[in-house]
Each structure stands twice: as C-alpha cells, then as structure tokens.
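Undergrad: Provided herewith is a single structure, encoded as structure tokens, for subsequent inquiry.
The values are calculated or read from the model by the stated rules, or taken from the named source; none is laboratory data. The structure displayed is predicted, hence computed values, not measured ones. Cβ coordinates were reconstructed from backbone atoms using ideal geometry, including for glycine residues, and neighbour counts include every protein chain displayed. The accessibility values were calculated without ligands, DNA or RNA, using every heavy atom of the protein model including side chains. Shrake-Rupley method; radii C 1.70, N 1.55, O 1.52, S 1.80 Å.
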Amino acid sequence: MRCVVVGAGAWGLPAAAELASRGHQVVLLERYGVGNLWSSSPGPTRLWRLTHPDAVRVRLARRGVEAMERLSRLAGEPVFLRRGLLWRDDESLPRVPDALAADDVAFTQVDAADVGRFVPGLVPDGRDAVWQADAGPVLAATSLRVQHDRFVGAGGTLRVGDVVRAVEPGPRVHLEGGEVLDTDVVVLTAGPGTGALLPGLGVDLPLRPVLEQVVHLGDGPGTSYDAMPCLYDGPRGDRPGLYAMPTPGVGYKVGLDADLRDWRVDDLDRTPEPALVEHAVERVRDGLTSVRPAVLDAQVCSWTVSPDGRFVLDRLAGGVVLACGDSGEGFKFSALMGLVLADLAEGHEPDADVAGFGLARFADGMPAGPHVLGR
C-alpha cells in the first residue's frame, strides 16, 4: 500500500514508522524537519500519566504505557520514566478517583495537609489531592529519534521542506510548486497546520492552534531533580493550572495552562514571554520549595485545541485518516498513536474507545467551548 503521511511530529512520525515497518511504501512530508523548533513536538520531555477525569482516557493511557514499553523494547533503551504524579484540582478531583477505580487503577487519596509527603516541598493550600504512581516524563526527543530510526530502517522516505497546500479525497496531496502525489492512503497529522487543510476534505471543524511555553528551573549542572515526582496543580481563582515534571540532566520542567497567543503559520517567533516565565518562577518559589526557582531555560511550543478539548481521530471517505486536536496531550499517546493510525490506514475498524474520538460526536453541533485539564 502506498501511504503519504503529512507531518513528522509526535503522531505522524510514529504512524509513518509503524506503516513502514508493516511493509508499506511510506512517504513522510515534513515542512521543517523532525523535532523542529516550530512544531508541537520539540524539547526533551513531556508528561505521561494514567490520571484522567474520565475512564476512556484512563484506558487509552494504559494502552499508551503498553505502547511505550513496546517501543522501549524495540529501541533497546527507555523512552519514558516512571515517577508518579500528584493531582490537585478542585473541579476535576471528584471525577478522578471514579475514573481510575473504573479500570482498577490503584491510587491514594491525599489529605490537603499531607501533599508534601508525596511531592517534597509542595505547600498545602487547603485542597485534597490524588496520588497515582503510574506517571512520569516521556523522553520526547529520544522517542522521536527512535521512531525516525525505525522509519528510515524500514525503507521509508522522509521529504523535508515540502509545503502541503491541499489534501483531497482520492486521496491526493497537492504541494507548493505544483507537484501532486497520488496515493492509496493519506494520514493527516499536520498539527497546528491541519485546520487549513480540512476544507479540501469537506470537514468543517474549528480548531484553535495556540502557543504556550514551559520553563526549566533548578540549580543547573551537578544538582539533579531526576527523582522528583510529577505534579498537576489545577487552576484556582485567577491562577492558571500548572503541570511539572523532571527532565533528566536538565532540571524541573514547569508549564502553565495559559495561552501565549494564537498560532499563525507566518509567526515563527518563539521567544518566551518574560511575564509568563516570572509567573512560573513565582508559583514554584511560593508553592514548591524543594525546587530552586532559578531559570535554566524557557521554550515556546504549540498545541491545537479541538472544539471539546479531546482528540479527533477518524478515517474519512476517500482514503484519508485524520488525527488532530491534540489539546496539549498528544505526546503522552505518541507511541500508541503510531499503532492506532496505522490500523486506521490499513482499514481496520477502530475499537469503541478509539471510535469515540471520531467526528461523529460533533453531528449534533459543536460544544460551547473546549475544557482542557492538565497536560
């Protein structure tokens, strides 16, 4: 089968690698290169976790762990680490234990005064929490390298610099400059650029790509936060949610659920916003005293919010597989998406959990707005 995959990010590259390893002829189109600064996938780490406020994503996350374990075995090196996560959030907390219990995932309910026993230096703020041991950093840069090596080793073709102008049922891919690629299946995983390609497929789906930023804090070389647990600290009042994890050999990574600005294709400026950096520093200085609030680096990245804050995964008529709307949670499912998207490309029927992320859920109209919890 001839396959064209559009976008070599956290979903497209694993899908291309899996399809190539299954013996298909795969061309992977990437505008800037694997792990480039302007993608949704740069940087050394992302957060993975089983903790979610709904049972479907708990089940999907467990499958994601199995997929990362498989990828680690194939690579002969780990692509993720297990450090545990404390989830402290008023709004979602009542649903989290139910979602975990529904899939028999062990967890500990933590009294507000006891949070520092699970995350050293975390200052109590009157909110209870949930501790779950299955969470940690995805070694994102390692994962992309491993998938790239799998793809090339299986005979895939990576084309860097191509700009996709349209994707049509058939399927057919139109490139800037006039080249047209006819193929048997297209896997569309163009991240923030996906929205511009949907009209050619007859899909009316309002996606909102945004820029956000993260910061590494700590003491620099010689001091390790590698063993620190992860944290999701939900929004409170005018404070945005905060998520944090160790990045081995670098420091403690902190991100805020606060948009920097909307993404635009012509906006290549990835300069961090000092005010958001300072806000992250203040949150750590006042609320996580085990981490030295000294900035080691800061980075801007993108993600794409779907209308309801959940993935969009579907196979369209005309041989196109659509995967978009990562809503800030794409990389924790990266290894799994390679398998899921390859199955969809081969025409396999999705299971009920994957099918629930299809476009059919919008048949009765779009929700009032997305609601995204944690990264």
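Undergrad: Angle, helix 140-153 long axis vs. longest principal axis of the chain, Cα atoms, 0 to 90°, nearest 10?
TA: With rounding to tens, the tilt is 20 degrees.
Undergrad: In whole Å, how far is the Cα centre of segment 1-55 from that of segment 113-138?
TA: So the separation of the two Cα centres works out to 31 Å.
Undergrad: Now for a separate question. Charges on Cβ only, +1 for Lys and Arg, -1 for Asp and Glu, centred on the Cα centroid of the chain; of 231, 5, 148, which one is farthest towards the dipole's positive end?
TA: With unit charges placed on the Cβ atoms, the residue in question is 148.
Undergrad: So what's the gap between the Cα centers of segment 66-85 and segment 231-271, to the nearest angstrom?
TA: Their Cα centres are 24 Å away from one another.
Undergrad: If you don't mind, there's one more thing I want to ask. Connecting C-alpha atoms closer than 10 Å in a GNM of the chain, tell me which of 200, 84, 255 has the biggest fluctuation.
TA: Among 200, 84, 255, the largest mean-square fluctuation in the Gaussian network model of the chain belongs to 200.
Undergrad: Among 233, 326, 90, which one moves the most in a GNM of the chain with springs linking Cα atoms closer than 10 Å?
TA: Looking only at 233, 326, 90, the biggest GNM fluctuation is shown by 90.
Undergrad: Let me ask another. Using θ = phi - 60° and the Karplus form 6.51 cos²θ - 1.76 cosθ + 1.60, what ³J(HN,Hα) does each residue of segment 251-262 get, whole Hz, x for Gly and Pro?
TA: Calculated HN-Hα couplings, in order: x, 9, 8, 10, x, 10, 7, 9, 5, 7, 5, 5 Hz.
Undergrad: May I ask you to give the solvent-accessible area per residue for segment 116-201, in square angstrom, as obtained with a 1.4 angstrom probe?
TA: For segment 116-201, the solvent-accessible area averages 40 Å² per residue.
Undergrad: For segment 133-238, with only Lys/Arg (+1) and Asp/Glu (-1) charged at the beta-carbon, what is the dipole magnitude about the Cα centre, in debye rounded to 20?
TA: 120 debye
Undergrad: Still on this structure, I have one more. Relative to the longest principal axis of the C-alpha atoms of the chain, give the angle of the C-alpha long axis of helix 55-75, reported between 0 and 90° and rounded to the nearest 10°.
TA: The answer is roughly 70 degrees.
Undergrad: Using the heavy atoms of the protein chains alone and a 1.4 angstrom probe, what is the accessible area of segment 41-81 per residue in square angstrom?
TA: Here the residues of segment 41-81 average 36 Å² of exposed surface.
Undergrad: Only helical DSSP H runs with n ≥ 4 go in: add -39500 (n - 2.57) per run for the chain, normalise by residue count and round the 222 nm mean residue ellipticity to 500 deg cm²/dmol.
TA: Calculated at 222 nm, the ellipticity per residue is -7000 deg cm²/dmol.
Undergrad: Turning to a different aspect of this structure: Expected output is a single nm value to one decimal: the length gained when fully extending between residue 238 and residue 25, i.e. 0.36 nm times separation in residues minus the C-alpha distance. What is it?
TA: Working it through step by step, the gained length comes to 71.6 nm.
Undergrad: To the nearest 20 debye, what charge dipole does the chain have about its Cα centre, counting +1 at the Cβ of each Lys and Arg and -1 at the Cβ of each Asp and Glu?
TA: 680 debye
Undergrad: Follow-up question, since we're still on this one. What is the extension gain from residue 2 to residue 294, computed as 0.36 nm multiplied by their sequence separation minus the C-alpha to C-alpha distance, in nm to one decimal?
TA: In short, 100.1 nm is gained.
Undergrad: Have a look at 110, 86, 175 and report the one farthest towards the positive end of the charge dipole of segment 76-177, computed about the Cα centre with Cβ charges (Lys/Arg +1, Asp/Glu -1).
TA: 175
Undergrad: What accessible area per residue comes out for segment 207-295, rounded to a whole number of Å², with a 1.4 Å probe? It would help to have the intermediate numbers written out before the result.
TA: Working: 3800 Å² over 89 residues.
I get 43 Å² per residue for this part.
Undergrad: How large is the charge dipole for segment 82-191, taken about the Cα centre, if only the Cβ atoms of Lys, Arg (+1) and Asp, Glu (-1) carry charge, to the nearest 20 debye? Don't skip to the answer; put the middle values down first.
TA: On the way: 11 positive and 18 negative charges, 95 e Å.
Here the size comes out at about 460 debye.
Undergrad: Give me the percent of accessible area attributable to carbon and sulfur for the chain, probe 1.4 angstrom.
TA: The C+S portion of the solvent-accessible surface of the chain is 51 percent.
Undergrad: Could you go through segment 165-172 in sequence order and give the Karplus-derived ³J(HN,Hα) for each residue, using 6.51 cos²θ - 1.76 cosθ + 1.60 with θ = phi - 60°, rounded to whole Hz, and x for Gly and Pro?
TA: Per residue, the Karplus-derived 3J(HN,Hα) values read 9, 7, 10, 10, x, x, x, 8 Hz.
Undergrad: How big is the antiparallel share of DSSP beta bridges in the chain, given as a percent to the nearest 5?
TA: 70 percent
Undergrad: Work out the FRET efficiency for residue 175 and residue 77 from their Cβ-Cβ distance, taking R0 = 30 Å, and round it to the nearest 0.05.
TA: 0.25
Undergrad: Calculate how steeply helix 274-287 sits against the longest principal axis of the alpha-carbon atoms of the chain, using the helix alpha-carbon long axis, and give the answer as 0 to 90 degrees to the nearest 10.
TA: Tilt relative to the chain: about 40 degrees.
Undergrad: Provide the three semi-axes, in whole Å and in decreasing order, of the ellipsoid equivalent to the chain as defined by the square roots of 5 times the Cα gyration tensor eigenvalues.
TA: 34, 21, 20
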